[in-house]
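Here's the structure we're looking at; comments come further down.
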Amino acid sequence: MNQAYYSGISGVMTYQLGMDVVADNVANVNTVGYKGSTAEFADLFTNALGSAGKTPTSNDIGIGSRLQSTTTQMQNGSLLASERFNDLAISGNGWFGIVSGEAMSYTRAGNFVFDEVQKTAGDVNSSVARLTTTEGKYVTGTMLTNYSYNGSFDYGDKTINGAIGAYVVNDPTNEADLKGVDAQEMLEFPTRLAYPVEPTTKAQFFGNLPPDNQIHTISADVISGTNERNRLKLTFTQSAVQPSTGIAWDVVATVTSNDGSQVYSTKNGQAIFDGSGGLSSCDITSMDNDGTSVAVDLGNSFNGVISIDGLAASGSSRSDGVSGGTLTKYGINPNGVIVADFSNGRQSAIGRIAVYHFRNDQGLNRIGNTEFQDSSGSGKPLFWTDASGNPISGAIINSGQLENSNVRLDVGLTDMIIMQRAYQANAKTITTGDELIQKALQMHR
């Protein structure tokens with residue numbers, strides 16, 4: 001009787017703890033990034049009544065139950081749409097790493113915000129926005145070194161901003177490789193980032209100059225080193241003196257500002273075409289574009305400018321070079337690469353968000369705020385690698401989405417009923433055992 005009494009007490013205590021686990025799950029059914037827990041029970045120990053001897057069965061009675069462990073449910077929660085690119089959700093395995101001082105922790109809650117700070121105190125143009133949790137812990141990853149601060153760079157808004165200076169990309173790229181696990185750092189988004197001008201170095205011309213004694217022009221846009229879009233124009237006039245075979249054209253090449261108000265360079269030359277109309281030679285090979293040399297390419301034979309009778313006059317051009325641009329927005333792709341978009345239509349990666357993995361996720365210690373810390377049971381954080389040994393995310397990062405709690409309310413309510421019934425049954429065991437004890441005492445009298 002005493003055994004049943006105390007077993008009932010242990011059962012009440014056990015299912016009280018089980019109810020606490022269920023209640024915590026239900027309370028966090030809409031908590032971003034929350035991972036639910038499952039209560040697992042075990043018996044306390046048994047009391048052997050006697051030796052089993054040669055009988056095939058045991059001769060003992062169990063003594064109560066206990067809460068053995070609370071395992072974390074690791075399945076992914078549903079994704080919730082968001083309008084902010086800095087809201088992130090991981091599809092698959094992995095954790096975001098966040099740091100405060102020297103303390104590192106891990107989370108699936110990607111409702112991140114920005115904390116703006118001046119890298120150079122007093123210089124408003126050196127501001128960067130650091131990606132943080134709502135508690136102010138910094139999200140970690142790898143920042144590239146393909147951009148740097150230039151205090152003398154004219155961002156184009158000195159009148160509004162009152163000062164010059166900005167970060168400038170010096171090596172545009174679409175890739176961002178992760179450094180080692182221990183080399184991850186705070187993620188920073190420069191608030192003033194510029195794409196550098198790439199001056200035009202070559203202009204190619206195509207078209208047909210029919211021998212009709214008319215003036216023909218072909219133009220190309222060329223970018224100067226000062227980020228001006230200028231005009232390189234070739235004017236063709238049939239030469240007064242023609243060769244015995246083929247045709248010759250006098251060429252006047254000019255580089256002017258786009259509106260024609262300023263002339264940067266002018267050259268006179270001649271283009272010679274053979275009897276079949278293919279280009280034989282042109283003595284204008286380069287032009288000065290406000291300090292930058294531009295190669296002039298009319299092609300050769302029939303792969304550029306030609307002069308064939310019977311075909312309509314035509315002209316087109318192609319040139320390299322990119323105008324400088326200023327930051328328009330940031331984005332984060334499914335690999336976690338931070339991409340900057342610029343006003344000139346170009347992009348460049350500047351960093352990458354790290355996704356950490358563990359040998360045993362169940363061994364992580366829950367510390368609150370949907371955060372976990374590594375332990376001897378989980379092992380140290382690591383990166384998954386590809387066949388070449390390069391670190392990879394090992395999961396898809398969804399920008400503009402959040403991972404909701406993985407707790408199912410219907411399961412939680414069912415577990416609540418089970419815990420309630422188990423608690424009531426164990427309470428009944430206590431009262432019944434008490435009645436038996438009382439009855440035994442009455443019999444003694």
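Any read-out appearing in this document is the output of simple, stated calculations on the displayed coordinates, not a laboratory observation. Here the structure is a predicted model, which means the values were calculated and not measured. Neighbour counts run over all protein chains shown; Cβ positions are idealised from the backbone, glycine included.
Mind ordering 108-121, 72-85, 353-366 by average Cβ neighbours within 10 Å, highest first?
On the way: 108-121: 16.3, 72-85: 13.5, 353-366: 18.3.
In decreasing order of mean packing, 108-121, 72-85, 353-366 become 353-366, 108-121, 72-85.
Can you find, among A121, S276, I63, the residue farthest towards the positive end of the dipole of the chain? Put +1 on the C-beta of Lys and Arg, -1 on that of Asp and Glu.
Ranked along the dipole, the leading option is I63.
Would you look at the GNM of the chain, springs on alpha carbons closer than 10 Å, and say which of S148, S376, S348 moves the most?
S376
From the C-alpha coordinates alone, can you work out the Kirkwood hydrodynamic radius of region 87-210, in Å? Each step should come with its number before you reach the end.
Numbers: mean 1/r = 0.0574 Å⁻¹.
Radius from the Kirkwood sum: 17.4 Å.
Over region 202-319, what per residue volume does the convex hull of the Cα atoms give, in whole Å³? Intermediate values should be presented prior to the final figure.
Working: hull volume 10.8 nm³, N = 118.
Expressed per residue, the convex hull around the Cα atoms of region 202-319 is 92 Å³.
Which one, V251, L436, P172, is farthest towards the positive end of the dipole of the chain when Lys and Arg carry +1 and Asp and Glu -1 on their Cβ?
L436
Scan around N111 for amide H atoms under 5 Å from its own, H built in the peptide plane at 1.01 Å from N, and keep only partners 5 or more places away or cross-chain.
The answer is L88.
Starting from the Cα gyration tensor of the chain, take the square roots of the eigenvalues, sort them a ≥ b ≥ c, and report rounded, prolate or oblate (rounded when a/c is under 1.5, otherwise prolate if a/b is larger than b/c, else oblate). Working shown, then result.
Working: a/c = 4.70, a/b = 3.43, b/c = 1.37.
Here the chain falls in the prolate category.
What FRET efficiency comes out for W384 versus N300 if R0 is 45 angstrom and r is the Cβ-Cβ distance? Round to the nearest 0.05.
Values: r = 52 Å, r/R0 = 1.16.
Using R0 = 45 Å, I get an efficiency of 0.30.
Among Y138, G304, A422, which residue has its Cα furthest toward the positive end of the charge dipole of the chain, with +1 on Lys/Arg Cβ and -1 on Asp/Glu Cβ?
Towards the positive end, the residue furthest out is A422.
Using a Förster distance of 60 Å, how high is the FRET efficiency between T414 and T226, based on the Cβ-Cβ distance and rounded to 0.05?
Numbers: r = 71 Å, r/R0 = 1.19.
Once the sixth-power term is evaluated, E becomes 0.25.
Working from Cα positions, state the angle (0 to 90°, nearest 10) between the long axis of helix 409-444 and the longest principal axis of the chain.
10 degrees
For region 301-445, what is the convex hull volume of its Cα atoms per residue in Å³?
On the way: hull volume 42.1 nm³, N = 145.
Dividing the Cα hull volume of region 301-445 by its residues yields 290 Å³.
Using a Gaussian network model on the chain with a 10 Å cutoff between Cα atoms, which of T235, T285, T159 fluctuates the most?
Comparing T235, T285, T159 in the GNM, the peak value goes to T159.
Return the FRET efficiency for the residue pair M13, V181: r is the Cβ-Cβ distance, R0 is 60 Å, and the value is rounded to the nearest 0.05. Provide the component values of the computation, followed by the final result.
Details: r = 42 Å, r/R0 = 0.70.
Efficiency for this residue pair is about 0.90.
T71 label point, 7 Å along Cα→Cβ, cut-off 18 Å on backbone N: hits in region 408-438?
408, 411-412, 415
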